[in-house]
1. Pull out all pairs, ordered by first then second residue, where Cβ-Cβ is under 8 Å, the residues are six or more apart or on different chains, the first lies in the stretch B:26-45 and is within 14 Å of another protein chain (Cβ to nearest Cβ), and the second is within 12 Å of DNA strand F (Cβ to nearest atom) and assigned to a helix (DSSP H, G or I).
2. Working only within the stretch A:128-142, note down all residues that are without any contact (Cβ under 8 Å) to a residue 40 or more places away in the chain and either exposed (fewer than 15 other Cβ atoms within 10 Å of the Cβ) or more than 9 Å from chain B (Cβ to nearest Cβ) (or both).
3. Out of D:67, D:71, D:18, D:106, which single residue is within 16 Å of DNA strand F (Cβ to nearest atom) and at pLDDT below 95?
4. With the condition kept exactly as written, say whether any residue in the stretch A:67-80 is in contact with a helix residue (DSSP H, G or I) (Cβ under 6 Å, 6 or more places away or on another chain) and within 11 Å of DNA strand E (Cβ to nearest atom).
5. Considering D:31, D:15, D:8, which residue is outside the structural domain of residue D:110 (by TED's automatic domain parsing) and away from DNA strand E (no atom under 16 Å from the Cβ)?
6. Checking residue D:125 against (1) in contact (Cβ under 8 Å) with a residue 12 or more places away in the chain; (2) more than 9 Å from chain C (Cβ to nearest Cβ), which single condition isn't satisfied?
7. Can you spot a residue in the stretch B:43-64 that is surrounded by fewer than 16 Cβ atoms within 10 Å (Cβ to Cβ), within 16 Å of DNA strand E (Cβ to nearest atom), part of a helix (DSSP H, G or I) and not assigned by TED's automatic domain parsing to the domain that holds residue B:5?
8. Out of the stretch D:189-199, which residues are buried (at least 22 other Cβ atoms within 10 Å of the Cβ) and more than 7 Å from every other protein chain (Cβ to nearest Cβ)?
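The values are calculated or read from the model by the stated rules, or taken from the named source; none is laboratory data. A quick note: this is a predicted structure, and the numbers were derived from the prediction, not measured. Counting neighbours? That spans all protein chains shown, and the Cβs are built from the backbone with ideal geometry, glycine included.
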DNA sequence: TATGAATGAGCGTTCATTCAT
DNA sequence: AATGAATGAACGCTCATTCAT
């Protein structure tokens, strides 16, 4: 209980204010416990950050690994599968927005933490790459483009959309923030498959 | 001279190690001057960071504002124009990689600095939005998709590609880092206009 | 049982690592009990240290007070008596090496503990003084040297020898550590009575 | 100046109260400077302690290395030489009493510091061993006793005498503290060469 | 007897900033 | 323009001790 409470407060503050601007004293004050209590549950400030990243990464990877979940191979099905996957990811992001904020914007921290973040994003990208690979095997996607690049572009799209949707910065006139996960997935997947020129 | 030297060292270290992990004492040591000298040229650590962001932003916006640089309105020309623009951006990124690293990964800093970063990215996105708007007016792009979202997706693509291309993290097997700006622009623009399904 | 176990662990760790470098949490961890249990048996960290010193001092004083154990007064007997006493002390030191280490090297601690150590050593020295006094009365030793100084020199000899024999530091080439208590006593007593010039 | 001032305060407090009971805040308060000033001159608390030990050790070794300073080889000269050496050492101890107190009683500290102390004492003992060796070569001392042990006994004598003379603990009735270095040297050397039985 | 979570004062250290020169 | 010694608030962390169970 206490442990979970401290974890939750830490994710939130790390995401909102950054790692270095989050003091242990802030965390324990918000939890209403003494400074020492933190160190009963966690070895150090770094270790709690690492734990947050690791566990969030695992949960997010589970979502991605479900893949396109489509049987036969029409483009139609491919698009639907991708849309469902994106929707799942957006939902996860919505439910774990502090973690996602950390993951997508968390840089400039200590070396070990940078590493953990970089690692989490690499693993995500590779999970996507495997999905695309499988889609190519099933004949659902053409082989014409470099696999790595495709995965990179896909990740970029998702990272950018999630970041803008949930944490800004968005241009003042944008109503991106008001989209539902479903809407967002539909629009993103349209761009993903058909590009700026649309259908 | 001294001023520029200090600025250059600061961008580099902010980008490499992050704002909080860069001490004034590191900067002056690398420049070979005394601690106090820093404060003759800059008001504070924050102010040098702000200056770096502001000036980098202006230079980058100039690149973007040149726009698609196309006269008539065939799709062919649209694609070529976009490719040229992306290529310019990638070249700028390559020549200003410390600034770009800062811009794309610099988060978790003090509030004023976050704001400056957020602002820079919003202005970039709006510059893109104006480009797209003009392309729609010229009939080069369909009106079918939300303007804001299109700009957001485009920015996401660019940010993601530049970040992976220049600073990693990239999956170990990826050869993204070895692309020339031209190659990268060609591949990105293909995705931009035609999506995952290709031509 | 528990009490004795905790005492034994404490002497060992105090001797090995010093008072301040021994945490209550180390002691209880090694004993396999909870932190709070310590405070059921001892009032505080200081009190367990004091108890260790006090009880060790009493046992050591018993050994010293047995004295030279000689009846008549030949020099021969005097030497033998002294040798036996030293041997007893060395054996005690060997069997209580953690306590001896504490006694001989334990400094830099809190005031009350310093006091207890100082006290123990003073009492030891006075026990020796009484032995020498009795030897003088019996005509076994000349009166020519200051009594206090003789006791001090004797104590110094014993402290130094025991410290080097059991806990080092010894110069690398020295084989002091391999002596038996008997050998050590013989050699020390020779120096004690006849000095560097030997017989 | 500041550096020397801080060093002097540190030796004194380390000797009087022990390493762990000396806070940086105590040192700087006594020097009348801010906490941070300490770190302008020294890397850490440990490093100042190490520097104190190292420099004191060197100065003391210089005294010991002057050796017996005797030419020909009568016992008389040997005794006189030894007495002069002891006298020098006692004078050094008197003039550097805080350092000597540290050296003779400083234990229970952090590992690096323990090591430095142990090392200093080993080097001292070896300096004495070389002196004895030379005396044997010159035929001034019999070969009958183990060299290492003789050096150890000599060191023990000196350590014990200095410790009692300058910092106690001494039995209340002892007037040891009032001896001059010369007196102390004379009495110690008598014991050193002729033992408890005197001449 | 025994537990172990909780406490909180206090420590060593860092570093942006100031200022007399 | 430049120095570099000095500042001091603030941080992460430690650990002897307490106390409800």
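1. Once the first residue is within 14 Å of another protein chain (Cβ to nearest Cβ) and sits in the stretch B:26-45, its partners that are within 12 Å of DNA strand F (Cβ to nearest atom) and assigned to a helix (DSSP H, G or I) give B:34/B:28; B:35/B:24; B:35/B:25; B:35/B:28; B:45/B:24.
2. Let us first name the residues in the stretch A:128-142 that are without any contact (Cβ under 8 Å) to a residue 40 or more places away in the chain, namely A:129, A:132-133, A:136-137, A:142.
Within the stretch A:128-142, A:133, A:136, A:137, A:142 meet the criteria.
3. On the way: D:67 fails: within 16 Å of DNA strand F (Cβ to nearest atom); D:71 fails: within 16 Å of DNA strand F (Cβ to nearest atom); D:106 fails: within 16 Å of DNA strand F (Cβ to nearest atom).
Among D:67, D:71, D:18, D:106, only D:18 is within 16 Å of DNA strand F (Cβ to nearest atom) and at pLDDT below 95.
4. No: zero hits.
5. Working: D:31 fails: away from DNA strand E (no atom under 16 Å from the Cβ); D:15 fails: away from DNA strand E (no atom under 16 Å from the Cβ).
Every option except D:8 fails the conditions.
6. Status for residue D:125: all satisfied but (2).
7. Yes.
8. Looking only at the stretch D:189-199, we keep the residues that are buried (at least 22 other Cβ atoms within 10 Å of the Cβ), and these are D:189, D:191-192, D:196.
Once the filter is applied, which keeps residues that are buried (at least 22 other Cβ atoms within 10 Å of the Cβ) and more than 7 Å from every other protein chain (Cβ to nearest Cβ), the stretch D:189-199 yields only D:189.
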